[in-house]
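Single-structure report; data block below.
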Amino acid sequence: MRKFIHILLSAILLFCSLTIIIPEKTYACSCAVNSDPNKAIEEAEAVFSGKVLNIKQGREQNGIVGAIEYRDVNLFEVQETWKGINQSQVMVYDNGGDASCGVNFEESKSYLVYTYKNKEGDLYTSLCSRTAEISKAGEDLTILGQGKPADKVLNLKGEMRKISNRDYDMEIFIGGFVVALALVIFLFIRAKRKG
């Protein structure tokens, strides 16, 4: 029994140390914000001002054992539109798959948003765009002039409910712990049969 406890504690310590030692990849955001508002408007898929209604973290995995990617999904109530948006609500990812370049939107605040389409067709924005809190977007608003209200009334709150805010890292940790515990029990039973 003493040997079993020793093996069990060793396995737990090994598993815990691996989860602490293995670093998560992080990247610095490297881009230059387009200094010409006219060019930014031209290159954007859509330009609108809107209030953030809800923010959720989406999770995607590239391939079966690929890297896990987290992307915030922001639900906006469109206040004015200049290009590409004609609906009252829109979901915008706050980065193009690069978390370090994400915009830190806050619920209930209004923003001037420049969006682009990724390869999946989703609208996204990033720190590399001219997206800014409405109070800091004076130059762009002057150039854009008066926007128009959205014609099509749309409610995307149901779509936002489908996006999970769960802590997957904890699930991965618990799953790994269960696998390590099962391995220790297997080794203990095997050692007991031999001895």
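Quick notes on this structure:
- Residue count, region 129-154 (criterion: closer than 22 Å to GLU106 by Cβ and either of a type in the set (S, T, N, Q) or out of contact with any strand residue (DSSP E or B) (no Cβ under 8 Å at 6 or more places or on another chain) (or both)): 6
- Of all the numbered requirements in (1) modelled with pLDDT of 65 or more; (2) of a type in the set (Ser, Thr, Tyr); (3) more than 21 Å from the chain's Cα centre (by Cα), TYR93 misses one, and that requirement is (3).
- Matching residues, region 85-143, being open to solvent by less than 30 Å² (accessible area, probe 1.4 Å) and part of a helix (DSSP H, G or I): CYS101, ASP140
- Restricting region 146-155 to residues that are part of a loop (DSSP other than H, G, I, E, B) and in contact with a Ser or Thr (Cβ under 9 Å, 6 or more places away or on another chain), the residue that is least open to solvent (accessible area, probe 1.4 Å): GLY147
- Some residue of region 159-171 being at pLDDT below 95, among the aliphatic types (A, V, I, L, M), part of a helix (DSSP H, G or I) and open to solvent by 90 Å² or more (accessible area, probe 1.4 Å): yes
The values are calculated or read from the model by the stated rules, or taken from the named source; none is laboratory data. Worth saying up front: this structure is predicted, and the values here are computed from it rather than measured. Please note: Cβ atoms are built from the backbone with ideal geometry, for glycine as well, and neighbour counts cover all protein chains shown. Quick note on the areas: whole protein, heavy atoms, side chains included, nothing else; ligands and nucleic acids left out. Shrake-Rupley method; radii C 1.70, N 1.55, O 1.52, S 1.80 Å.
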